[in-house]
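Chemist: Just passing along the structure, written as structure tokens.
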2 protein chains.
Amino acid sequence: MVAVTIAVDMMGGDGEAASLETLTRGVAIAARAQPAARFLLHGAAAELEAALAAEKDLAGRAEIRDAPGVVSMDDKPGEILRNSAGTSMAAALDSVAAGAARAAVSCGNTGALMALSVLKLKRLDGVIRPAIAVLWPSVTPGKQSVVLDVGADVRLEPRNLCQFAAMGASFAQIGLGVSYPRVGLLNIGSEHHKGKSQLQDASAMISEAAIGQDFDYVGFIEANEIPMDAVDVVVTDGFTGNVALKAAEGTARLIKTWMKASFQSSPLARAGGLLAAGALREMSSNLDPGKGNGGVFLGLSGLVVKSHGSVDAKGFAAAVGLAAQVAEDQLIERLAESLQMDRVA
Amino acid sequence: MVAVTIAVDMMGGDGEAASLETLTRGVAIAARAQPAARFLLHGAAAELEAALAAEKDLAGRAEIRDAPGVVSMDDKPGEILRNSAGTSMAAALDSVAAGAARAAVSCGNTGALMALSVLKLKRLDGVIRPAIAVLWPSVTPGKQSVVLDVGADVRLEPRNLCQFAAMGASFAQIGLGVSYPRVGLLNIGSEHHKGKSQLQDASAMISEAAIGQDFDYVGFIEANEIPMDAVDVVVTDGFTGNVALKAAEGTARLIKTWMKASFQSSPLARAGGLLAAGALREMSSNLDPGKGNGGVFLGLSGLVVKSHGSVDAKGFAAAVGLAAQVAEDQLIERLAESLQMDRVA
């Protein structure tokens, strides 16, 4: 039974992004799945009250924290740091920093959320750069792999990648229950001479760091192998990881569009589509690594989960559920311990 | 009527890659689609003769050129340059260099094929780095976009990206018939401050270069937008482009696996799958931007098309067909002219 309190930024999206009603519905879905969890909802109080009234699963389990300011998707991180007071995003992070909640969930501007998270929650001792980790779906039923960084830091630095390997391995152990994770470094060929020199340096560093640690470094892997259950952790820089994630997202959307068109292409196909609809819906909901659950910020002293900007209620529920589960598993506390041990060793 | 001669490397793959029989079947499929095209098949003569005997569509239209050496998938480009004599890959390129064929097609080692192509065919005047361009499928029926570079050069240099924009625009005009192509630069956000400084420099350069040219530079786009018909040309460095392509390939394979499983999940779903099988097969054959047709080398004085290492007969036929079509359209000659005009301008 997951009995944690989750701080939710209810106004993270803007423009074409998820509405406050959608997010409230998402929290309600998460609440049904986690009957002992509680929620602090940050946003404009009047709108939140109206949305909450429609969700009886949240009765008595959600408190409203008035924070009517909205961080725009276009704001630069620097501007946001200066102007964050009163925004729903900053307030949700403050709730975690103050100990009122165990994790924050937001579908807002990623750069802003990371900058504010570093400001308000601080890095764990020894962490150079925090990373954003996502769980990527796999061809093996029930399996997922951790991919990081998918967008926190665009620089390609061997020592950062080496730390991502350790953090990703801890996440796979704690979050996915893989006792001895296989770790791969994303490159454009598995041969050791391929790719960029920084990747070759990083590979040597991770190889050395893996000695005596509880993960297995398998070397380079290519992006097509990410869903093939080749490794449990895929290490990459935030630029490359973000491109891989978005390319996968675009492909999933392309295929959904084609599938719809295929099932309209003839009476037989239409009948087939109707018969198979349940199975296809199930599949479709697992399609997208970016929207499926959310990105977990690793390397901070508090837990933050970034949900997709144009998420639907079910996807937001998955992000909230992931935050609750990972908080219950004490990911941050155990990650801090494991990083501490690395430093002492 | 496409009446060109295509040089084919029939032994480009190795290990788990496409067999000589598969490639021969692919050439035969292409031959049926292009009844005036002719083929020079490079490889071990005895094996090729046996494979050819089974393909009556190739009778009288394919000549065998004995070149029994195989370039391995693991060979480094440098080693290959020294040891390429007698390989089917080198022989196919020699046929183009000697004017016996208008294009070469290979499914071999990409790095080796590019290194040998530069050696044997030379760069076009003014070209700094050749690029590999692929046609990426789109949600808009019948449309595709050009994505380059997907693996020729891992460096991220603004002047290369600027030249890729011009070459990609020419390819979209000549190969796809788009008179005024929209060109985008791949980044991890569409806001101008996002991503890497080299991308911001490249964006400024392309923006300036587009003035008075016959393409429209639309700025940054994200990888999820590639199949969304947002642009006709996506410019990126070879590392990032390769990761995007492979991530799309992996996602397509993941979804195919899931679709198969979905259609086995219940008797109703199975019946649905049978009814919809034709539509799904059609869709599935268009799924994969990497396997669908092949990568076109741009910036050399001869035409080379790289097919996927583990291609099937239909995919290889698509690559051979693309080579024939693009050769007939005089892509290289017109690209050379357009680059020449840029230099004079």
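Chemist: Among the residues of the range B:35-44, are any basic (K, R) and assigned to a loop (DSSP other than H, G, I, E, B)?
Modeler: Of the residues in the range B:35-44, the ones basic (K, R) are B:38.
Now restrict to residues that are assigned to a loop (DSSP other than H, G, I, E, B): none.
Taking every residue of the range B:35-44 in turn, none turns out to be basic (K, R) and assigned to a loop (DSSP other than H, G, I, E, B).
Chemist: For A:L135, state whether it is away from every other protein chain (no Cβ under 12 Å), part of a strand (DSSP E or B) and either closer than 30 Å to B:K256 by Cα or touching a residue at least 60 places away in the same chain (Cβ under 8 Å) (or both).
Modeler: Here the answer is yes, as A:L135 does meet what is asked.
Chemist: Run down A:A115, A:A172 and say which single residue is assigned to a helix (DSSP H, G or I), among the hydrophobic types (A, V, I, L, M, F, W, C) and without any contact (Cβ under 8 Å) to a residue 40 or more places away in the chain.
Modeler: Working: A:A172 fails: without any contact (Cβ under 8 Å) to a residue 40 or more places away in the chain.
Criteria check complete, one pass: A:A115.
Chemist: If I ask for residues that are within 16 Å of B:P181 (Cα to Cα) and in contact with an Asp or Glu (Cβ under 6 Å, 6 or more places away or on another chain), which ones from the range B:115-142 would you list?
Modeler: Within the range B:115-142, B:S138, B:T140 qualify.
Chemist: Restricting the first residue to the range A:177-202 and requiring it to be more than 16 Å from A:D216 (Cβ to Cβ) and of a type in the set (G, A, S), which pairs with a second residue that is at pLDDT 85 or above and not in a loop (DSSP other than H, G, I, E, B) meet a Cβ separation below 6 Å and a spacing of at least six or different chains?
Modeler: A:A202/A:P158; A:A202/A:L161
Chemist: Of the residues A:G99, A:G108, only one is crowded, with 20+ Cβ neighbours inside 10 Å and out of contact with any His (no Cβ under 8 Å at 6 or more places or on another chain); which?
Modeler: A:G108
Chemist: Residue check: is B:T240 at the interface with chain A (Cβ under 8 Å from one of its Cβ atoms), assigned to a helix (DSSP H, G or I) and buried (at least 24 other Cβ atoms within 10 Å of the Cβ)? Please lay out each step first, then the result.
Modeler: Numbers: at the interface with chain A (Cβ under 8 Å from one of its Cβ atoms): yes; assigned to a helix (DSSP H, G or I): yes; buried (at least 24 other Cβ atoms within 10 Å of the Cβ): yes.
Yes: the conditions hold for B:T240.
Chemist: Is it true that A:A252 is assigned to a helix (DSSP H, G or I) and either facing another protein chain (nearest Cβ under 8 Å) or surrounded by fewer than 20 Cβ atoms within 10 Å (Cβ to Cβ) (or both)?
Modeler: Yes, satisfied.
Chemist: Further, regarding this structure: Look through the range B:255-276, keep the residues that are among the hydrophobic types (A, V, I, L, M, F, W, C) and surrounded by fewer than 16 Cβ atoms within 10 Å (Cβ to Cβ), and return whichever of them is farthest from A:A269 (Cα to Cα).
Modeler: Applying the filter and picking the extreme gives B:A261.
Chemist: Here's a follow-up. Considering only residues of the range B:122-136 that are open to solvent by less than 30 Å² (accessible area, probe 1.4 Å) and out of contact with any helix residue (DSSP H, G or I) (no Cβ under 6 Å at 6 or more places or on another chain), which is farthest from B:L298 (Cα to Cα)?
Modeler: B:L135
Chemist: Just a yes or no: is a residue in the range A:176-184 away from chain B (no Cβ under 14 Å), under 19 Å from the mean Cα position of the chain (by Cα), open to solvent by 40 Å² or more (accessible area, probe 1.4 Å) and modelled with pLDDT of 85 or more?
Modeler: Checking the range A:176-184: at least one residue is away from chain B (no Cβ under 14 Å), under 19 Å from the mean Cα position of the chain (by Cα), open to solvent by 40 Å² or more (accessible area, probe 1.4 Å) and modelled with pLDDT of 85 or more.
Chemist: Would you be able to say whether some residue in the range B:187-196 is modelled with pLDDT of 90 or more and more than 11 Å from chain A (Cβ to nearest Cβ)?
Modeler: no
Chemist: Which residues, counting only those in the range A:60-101, are modelled with pLDDT of 90 or more, of a type outside the set (D, E) and part of a helix (DSSP H, G or I)?
Modeler: A:S88, A:M89, A:A90, A:A91, A:A92, A:L93, A:S95, A:V96, A:A97
Chemist: Confirm whether A:A324 is at pLDDT 90 or above and assigned to a helix (DSSP H, G or I).
Modeler: Against the criterion (at pLDDT 90 or above and assigned to a helix (DSSP H, G or I)), A:A324 qualifies.
Chemist: Give me the pairs: first residue in the range B:78-93 and exposed (fewer than 13 other Cβ atoms within 10 Å of the Cβ), second residue outside any loop (DSSP other than H, G, I, E, B), beta-carbon distance under 6 Å, and six or more apart or on different chains, which are they?
Modeler: B:G86/B:G69
Chemist: Now for a different question. Just one of A:A204, A:A247 is at the interface with chain B (Cβ under 7 Å from one of its Cβ atoms), out of contact with any strand residue (DSSP E or B) (no Cβ under 7 Å at 6 or more places or on another chain) and of a type in the set (A, V, I, L, M, F, W, C); which is it? Full working, then the answer.
Modeler: Working: A:A204 fails: at the interface with chain B (Cβ under 7 Å from one of its Cβ atoms).
None of the other options fit; the residue is A:A247.
Chemist: Among the numbered criteria (1) part of a strand (DSSP E or B); (2) open to solvent by 40 Å² or more (accessible area, probe 1.4 Å); (3) in contact (Cβ under 8 Å) with a residue 60 or more places away in the chain, which single criterion is violated by B:R155?
Modeler: So the condition that B:R155 fails would be (1).
Chemist: Take B:A271 and decide whether it is at pLDDT below 80, within 7 Å of another protein chain (Cβ to nearest Cβ) and in a helix (DSSP H, G or I).
Modeler: Spelling it out, B:A271 is indeed at pLDDT below 80, within 7 Å of another protein chain (Cβ to nearest Cβ) and in a helix (DSSP H, G or I).
Chemist: Looking only at the range A:206-237, which residues are closer than 15 Å to B:T251 by Cα and open to solvent by 10 Å² or more (accessible area, probe 1.4 Å)?
Modeler: If the condition is that a residue be closer than 15 Å to B:T251 by Cα and open to solvent by 10 Å² or more (accessible area, probe 1.4 Å), then A:E222, A:N224, A:E225, A:M228, A:D229, A:A230 are the ones that fit.
Chemist: Can you work out which of the residues in the range A:223-237 that are in a loop (DSSP other than H, G, I, E, B) and within 14 Å of A:W136 (Cβ to Cβ) is farthest from the other protein chains (Cβ to nearest Cβ)?
Modeler: The selected residue is A:D232.
The values are calculated or read from the model by the stated rules, or taken from the named source; none is laboratory data. As the structure is a computational prediction, the values presented were derived from the model and not from experiment. Glycine also receives a Cβ, built like all others from the backbone with ideal geometry; neighbour counts cover every protein chain displayed. These accessible areas exclude ligands, DNA and RNA; they are computed on the full protein's heavy atoms, side chains included. Shrake-Rupley method; radii C 1.70, N 1.55, O 1.52, S 1.80 Å.
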